[in-house]
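Visitor: There's a structure below that I have some questions on.
Values in this text are rule-based calculations from the coordinates and carry no lab data. The structure displayed is predicted, hence computed values, not measured ones. Quick reminder, even Gly has a Cβ in these numbers, built from the backbone with ideal geometry, and neighbours come from all protein chains shown.
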Amino acid sequence: MQGSLRVAIVGGGIGGLTAALALRAGGLDVIVFEQAEILREIGAGVSIHPNAARLLKRIGLDDQLRKIGSPIGGITLRTSQGDAITTPEGPATPAFSRDSQGYNVHRADFLNLLFTALPEGTVNLGHRCIGLKKDDNKVRLSFANGSSVDADIVIGADGIHSVIQREIGLESRPASEGTMAYRGLVPAERLAWADELKDPALWLGSGRSFLLYPVAGGRLINMVAFVPTDTDSEESWSAPGDVKALATEYEGWDKPVVDVINSLEETFRWGIYDRAPLPYWSTARVTLMGDAAHPMVPHLGQGAGQSIEDAITLGVLLEGCAAADIADRLRLYETLRLARTSRIQAFARAAGKLYRSEHDDPLEKAGQLSEWMAQGKWLFEHDAEKAARDALAMSGH
Ligand code: FAD
């Protein structure tokens, strides 16, 4: 790839690896630096809704995604006692998109899919970035292992505690939503009714919500149980939780909820935080993406999806970019993505509030949710690739 711009991506999570694929497809010379020494299986289920799935199809990952994913039709809403929440129009099972299929996947399966789609040597493990230095012509990244590397463009895909964010003069503080989630996976064979669980199911109770969906081709059932907290729970994906404490939170709830909790061998605590939208993401040669740019609470399942939209946008905007145009292209990326992700951050907060609200009337919640989903065209039917191509054409490039 002689002569093409060199892009260094810091962080080999869903955002960083997808960006590497999208930028390579656009002819750039891409290298990823990931702090982990080995790729380990961490995390549980993650949603790839139609707005992200349609982009993965364009970079040739459709078949693999279908193999590892459980298709999402709509979402079934129930009260804590298991009554289906119906609206005058019928059951409240809002579909996500009319023209594209979304999937729930196991995070480790999905990361593996992205990793293996990249040529060997693209991802450098054991590289924890500790700083960057810029001059007019390049950016130098330095790593805790003593090495350093030069690049024309640096993308910070290094998650919620982003070093790159700090290095470009930003500071964002975690804001708690006042909730924490217990997460866990149960082998489907332990649940007599698991075969019937095709679409995600969400039980809504006062102050709590309980989400189940299949992953790993239906072999595992993913659980996320949101409960109120007034303590500062860790902003961690992997802090061990107490199954007994979880059981107490959901005592007397619908049978599948209790069955899942009784079948868990372990659970993890996840403090639910986001951060206010940042004032900017980019400098002349450095930008941010994914959770480093716009962490959000998980109630719309858009954390991964928005990082995929960022990745594809960068792929379009940096394709064929001349060195002199880097700053303009990164500015265009920020303009396109900052407004949309800020709106989704706010929407995700509002969705969580509604799920947990103390409304006595579940119909009212269902009505509101159905209305949101009907309006959700802007969320699920957005085509980030097209938006980027249109913006590029409009900008005269
Ligand atoms: P991340 O997925 O956080 O990836 C960032 C990557 O950067 C990580 O691999 C990290 O090791 C690496 N990194 C960080 N700092 C440095 C550094 N200084 N140098 C080099 N590398 C660095 N979302 C859900 O909705 N549900 C879940 O169950 C869920 N589980 C998760 C479990 C884990 C372990 C993690 C990390 C994230 C999880 N998420 C989950 C979040 C979800 O994956 C993200 O919201 C989304 O995929 C966007 O990811 P990202 O690539 O921007 O950041």
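Visitor: Taking the chain as a Gaussian network, Cα atoms linked when under 10 Å apart, which of P279, P50, P174 shows the biggest mean-square fluctuation?
Guide: P279
Visitor: Grab the alpha carbons of region 178-221, take their convex hull, and tell me the volume per residue in Å³.
Guide: Working: hull volume 3.6 nm³, N = 44.
Measuring per residue, one finds 82 Å³ for the Cα hull of region 178-221.
Visitor: Over region 230-282, what per residue volume does the convex hull of the Cα atoms give, in whole Å³?
Guide: Numbers: hull volume 7.5 nm³, N = 53.
Looking at region 230-282, the number lands at 141 Å³ per residue.
Visitor: Still on this structure, please answer the following. May I have the count of lysine pairs in the chain with C-alpha atoms under 16 Å apart, counting pairs 8 or more residues apart or located on different chains?
Guide: Details: K57/K67; K57/K386; K67/K198; K353/K365; K377/K386.
Pairs that pass both the separation and distance tests number 5.
Visitor: Now for a different question. Hey, got a sec? Which GluC sites (Glu not before Pro) in region 280-386 land in a DSSP loop and have at most 15 other Cβ atoms within 10 Å?
Guide: Values: sites: E309, E319, E334, E358, E364, E371, E381, E385; in loops: E319, E358, E381.
Those that pass, being in a loop and sparsely packed, are E358, E381.
Visitor: Return the percentage of antiparallel bridges among DSSP beta bridges fully within the chain, rounded to the nearest 5 %. Working shown, then result.
Guide: Numbers: 50 of 68 bridges.
Of the beta bridges lying entirely in the chain, close to 75 percent run antiparallel.
Visitor: Quick check on region 105-182: take the gyration tensor over C-alpha atoms, sort the square-rooted eigenvalues as a ≥ b ≥ c, and tell me if it's rounded (a/c under 1.5), prolate or oblate. Kindly include the intermediate steps, with their values, before the conclusion.
Guide: Details: a/c = 2.40, a/b = 1.17, b/c = 2.06.
In terms of gyration-tensor shape, oblate.
Visitor: Thinking of region 168-326 as a set of Cα atoms, what percent of all their pairs are more than 24 Å apart? Walk me through the numbers before you get to the answer.
Guide: Working: 5783 of 12561 pairs.
More than 24 Å apart: 46 percent of the Cα pairs in region 168-326.
Visitor: Over all directions, the average projected area of the alpha-carbon convex hull for region 235-370 comes to how many nm²? Walk me through the numbers before you get to the answer.
Guide: Numbers: hull surface 44.3 nm².
If I average the Cα hull's projected area over directions, I get 11.1 nm².
Visitor: What's the angle, to the nearest 10 degrees (0 to 90), between helix 362-375's Cα axis and the longest principal axis of the chain?
Guide: Between helix and principal axis, roughly 30 degrees.
Visitor: Using 1/(1 + (r/R0)^6) with R0 = 30 angstrom and r between the beta carbons of A327 and W378, what's the FRET efficiency to the nearest 0.05?
Guide: Working: r = 29 Å, r/R0 = 0.97.
The pair A327/W378 has a calculated efficiency of 0.55.
Visitor: Now a separate question. Once the cut-off is 40 Å, how many percent of the Cα-Cα pairs in the chain end up in the long-distance tail? If you can, show how the numbers build up before the last one.
Guide: Numbers: 11772 of 78606 pairs.
Looking at the chain, the distances longer than 40 Å represent 15 percent of pairs.
Visitor: Taking the Cβ of E309 as the centre, find all other residues whose Cβ is under 14 Å away and add up their charges (Lys, Arg: +1; Asp, Glu: -1).
Guide: Residues close to E309 contribute a combined charge of +2.
Visitor: Please compute the length gained on full extension between E120 and K138, using 0.36 nm multiplied by the number of residues separating them and subtracting their Cα-Cα distance.
Guide: Working: separation 18, 0.36 × 18 = 6.48 nm, distance 2.49 nm.
This chain segment gains 4.0 nm when fully extended.
Visitor: Over the chain, with a Gaussian network built from C-alpha contacts below 10 Å, which listed residue (L332, L21, L314) shows the highest mean-square fluctuation?
Guide: L332
Visitor: Next question, about the same structure. Taking the alpha-carbon centroid of each part, what is the distance from region 342-357 to region 145-160 in angstrom?
Guide: 32 Å
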